[in-house]
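Before any comments, here is the structure.
The values are calculated or read from the model by the stated rules, or taken from the named source; none is laboratory data. All values reported here derive from a predicted model rather than from experimental measurement. Neighbour counts run over all protein chains shown; Cβ positions are idealised from the backbone, glycine included. Keep in mind that these areas ignore ligands, DNA and RNA; they rest on the heavy atoms of the full protein, side chains included. Shrake-Rupley method; radii C 1.70, N 1.55, O 1.52, S 1.80 Å.
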Amino acid sequence: MSFKKIIQKSKDTQGSLEITGSKSESNRALILSALFKNLSLKNISNSDDANVLQRALLPSSPVIDIHHAGTAMRFLTAYFAVQEGTEVILTGSSRMKERPIKILVDALRSLGANISYLEQEGYPPLKIKGKNITTSKVELSANVSSQYVTALMLIAPSLPQGLEISLLQQITSMPYIEMTLKLLRQIGVKANLIENKITVPHTNTIESQTFIIESDWSSASYFYSIAALSSSADIILSNYKADSLQGDSVLSIYYKHFGVETSFDYRNKRVRLIKKADFRLQRNNAKVDIQLNLVDSPDIAQTIAVTCLGLRISCRLTGLHTLKIKETDRLVALKTEMEKLGAAVDITKDQLTLHRVSNLRKDITIETYNDHRMAMAFAPMALKIPIQINDANVVSKSYPDFWNDLKKLGFQYAEDE
Ligand SMILES: O=C(O)C1=C[C@@H](OP(=O)(O)O)[C@@H](O)[C@H](O)C1
Ligand SMILES: C=C(OP(=O)(O)O)C(=O)O
């Protein structure tokens, strides 16, 4: 097991970093570039999740192991279901075999797809025999994972009659559906979303073009947290666009609560995070210091919870029902690890409440549960206390250069194995 003990003596953080391409945009764009051969891509994510998806699209072995990559699992299920004449087995890590996929498989089967479960009903691994699908209407529940919806949207332009997708129940992680919609429109597919109905017309060809993937906003969240936990900070991140497709760009608004101001230099594709030394958090008489509904941006919940812990303020985060079915049960993992540091945390099936902590416990080892975001969310705590992160290499799922980038900001590793 690899681990890192992190020490950072200086409370002032300065530096300039180039962040890898968005994992979400990359995985969508890779599927689309397999369907539209004249779509080329730049700034593709160097993450494990984008690499496994990229490899899966090359003709190779009929058994494809996508490890922990949820988007790859969901997007490829839909992709292979419509590749007439192919037969693949899609499998993944033991955790992937616990992440539900029934809603997507049922939707694809209703369109005529040939997909069977090889182990537990409703979960990977799947055997998929690609077919020519001619049905053009489908409905599915949108309250468990938006990835099922995106998976259908991505294959829709290749279906002979396009696809009309009706979304049932309360839509979760909506910005990810909007990201897919905007990406389709940007490359020339005239997709629409009106109320709960998505329409994607059959699209034979698109103009030859290069899509430049914006850098990853979820990865940027850790630098927002570092800035918030520093006494003063000036951090420049690139390459970010003016009109982001990523919902996690909402960080620039949320982190104002913690004194982090964002300025955009779009000409040079940079964002600059500034934390002023004289910032004091305004506490009022409310029951909790920070209250946020993160139903639209579940991937930054861990970052925000740990920022609040580091600042020793209380928070209530709601809209977190999808966290239980991600790389680990993130609500339980957060509670367990934050309580090791001295916090009192209450969780329900979709909420987390962190109470104010008077003292943080030092020299704690954080377990990461095969979850990249556990490692990256807790790393900024090194600005407050010496801390050890177990199995630090998990970060490669979305951000392989994470530890090197932290070093560039002055983080030091006492032990490094
Ligand atoms: O479509 C995407 O790229 C993603 C959608 C979200 O999943 P859910 O819709 O399951 O919340 C998000 O958590 C995940 O990291 C990436
Ligand atoms: C949930 C995540 O990814 P996925 O669902 O693609 O495994 C994530 O990156 O936080």
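Roughly how large, in nm² to one decimal, is the mean projection of the convex hull of the alpha-carbon atoms in region 111-194?
Working: hull surface 24.0 nm².
For the Cα atoms of region 111-194, the hull's average projected area reads 6.0 nm².
Here the Kirkwood formula, the inverse mean of 1/r across different C-alpha pairs, assigns region 120-160 a hydrodynamic radius of 12.3 Å.
Quick check on region 119-251: of the DSSP beta bridges with both residues there, what percent are antiparallel, nearest 5%?
Beta bridges within region 119-251, antiparallel portion: roughly 60 percent.
What part of the accessible area of the chain, given as a whole %, is carbon or sulfur when the probe is 1.4 angstrom?
Values: 7570 of 16790 Å².
Heavy-atom surface of the chain belonging to carbon and sulfur, 1.4 Å probe: 45 percent.
Eigenvalues of the alpha-carbon gyration tensor of the chain, scaled by 5 and square-rooted, set the equivalent ellipsoid semi-axes at 37, 22, 20 angstrom, largest first.
For GLU261, the shell of other residues with beta-carbons less than 15 Å away shows a net charge of +3, using +1 for Lys and Arg and -1 for Asp and Glu.
Divide the volume of the convex hull around the Cα atoms of region 1-110 by the residue count and you get 159 Å³ per residue. The Rg/Rh ratio of region 169-246, with both radii computed over alpha carbons and Rh defined as the Kirkwood radius, is 1.11. In a simple Cβ point-charge model (Lys, Arg +1; Asp, Glu -1; nothing else charged), the chain has a dipole of about 660 debye relative to its Cα centre.
Starting with the highest mean, order 161-171, 122-132 by the number of other Cβ atoms within 10 Å, averaged over the residues of each peptide.
Numbers: 161-171: 16.2, 122-132: 18.7.
With the highest mean Cβ count within 10 Å placed first, the list reads 122-132, 161-171.
Going by average Cβ neighbours within 10 Å, how do the peptides 305-312, 60-67, 178-185 rank, with the highest at the top? Don't skip to the end; give the middle numbers.
Working: 305-312: 25.5, 60-67: 15.5, 178-185: 20.2.
Listed from highest to lowest mean packing, they are 305-312, 178-185, 60-67.
Would you calculate the volume per residue, in Å³, of the smallest convex hull containing every Cα atom of region 119-262?
Values: hull volume 23.5 nm³, N = 144.
Enclosed volume per residue, from the Cα hull, is 163 Å³.
When you count the other C-beta atoms within 10 angstrom of each residue and take the mean per peptide, 49-59, 391-401, 225-235 line up highest first as 225-235, 391-401, 49-59. Summing Cβ point charges (Lys, Arg +1; Asp, Glu -1) relative to the Cα centre of region 97-196 gives a dipole of roughly 320 debye. Cross-link partners among aspartates and glutamates for LYS362, C-alpha distance below 14 Å, same-chain residues fewer than 8 apart left out? Cross-link targets: GLU337, GLU339. Which one, SER40, TYR148, LEU163, is farthest towards the positive end of the dipole of region 23-212 when Lys and Arg carry +1 and Asp and Glu -1 on their Cβ? Result: SER40, furthest along the dipole toward the positive end.
Could you check the simple spin-label distance between ASP234 and ALA286, using points 7 Å along Cα→Cβ, in nm with one decimal? If labels sit at ASP234 and ALA286, their model points lie 3.1 nm apart. Legend: Rg and Dmax of region 67-127, from Cα coordinates, 10.5, 30 Å.
Just to be sure I follow the rule: in region 23-212, considering lysines 8 or more places apart or on different chains, how many pairs have Cα atoms under 15 Å apart?
Numbers: LYS23/LYS42; LYS97/LYS127; LYS102/LYS127; LYS137/LYS197; LYS182/LYS190.
Number of lysine pairs found: 5.
How much accessible area per residue does the chain have, counting only protein heavy atoms and a probe of 1.4 Å, in square angstrom?
Values: 16790 Å² over 417 residues.
Accessible area per residue, the chain: 40 Å².
Projecting label points 7 angstrom from Cα along Cα→Cβ for ARG361 and LYS37 puts them 6.0 nm apart.
Suppose we look only past 30 Å in the calculated P(r) of region 23-212. What percent of the Cα-Cα pairs does that tail hold?
Details: 1834 of 17955 pairs.
Value for region 23-212: 10 percent of Cα pairs lie more than 30 Å apart.
Qualifying GluC sites (Glu not before Pro) in region 190-228, where qualification requires a DSSP coil assignment and no more than 12 other C-beta atoms within 10 Å, comprise GLU195, GLU207.
Considering helices alone, the calculated mean residue ellipticity of the chain at 222 nm is -8500 deg cm²/dmol, with DSSP H runs of length four and up weighted by -39500 (n - 2.57) and normalised per residue.
Each label point was placed 7 Å from the Cα along the Cα-to-Cβ direction; for ILE7 and GLU207 their separation is 5.7 nm. If you take the square roots of the eigenvalues of the alpha-carbon gyration tensor of region 291-417 and sort them as a ≥ b ≥ c, do you get rounded (a/c under 1.5), prolate (a/b over b/c) or oblate? Verdict is oblate for region 291-417. In a simple Cβ point-charge model (Lys, Arg +1; Asp, Glu -1; nothing else charged), region 273-371 has a dipole of about 480 debye relative to its Cα centre. For region 170-328, the alpha-carbon radius of gyration amounts to 1.20 times the rule-of-thumb value 2.2 N^0.38 Å expected for a compact globular protein.
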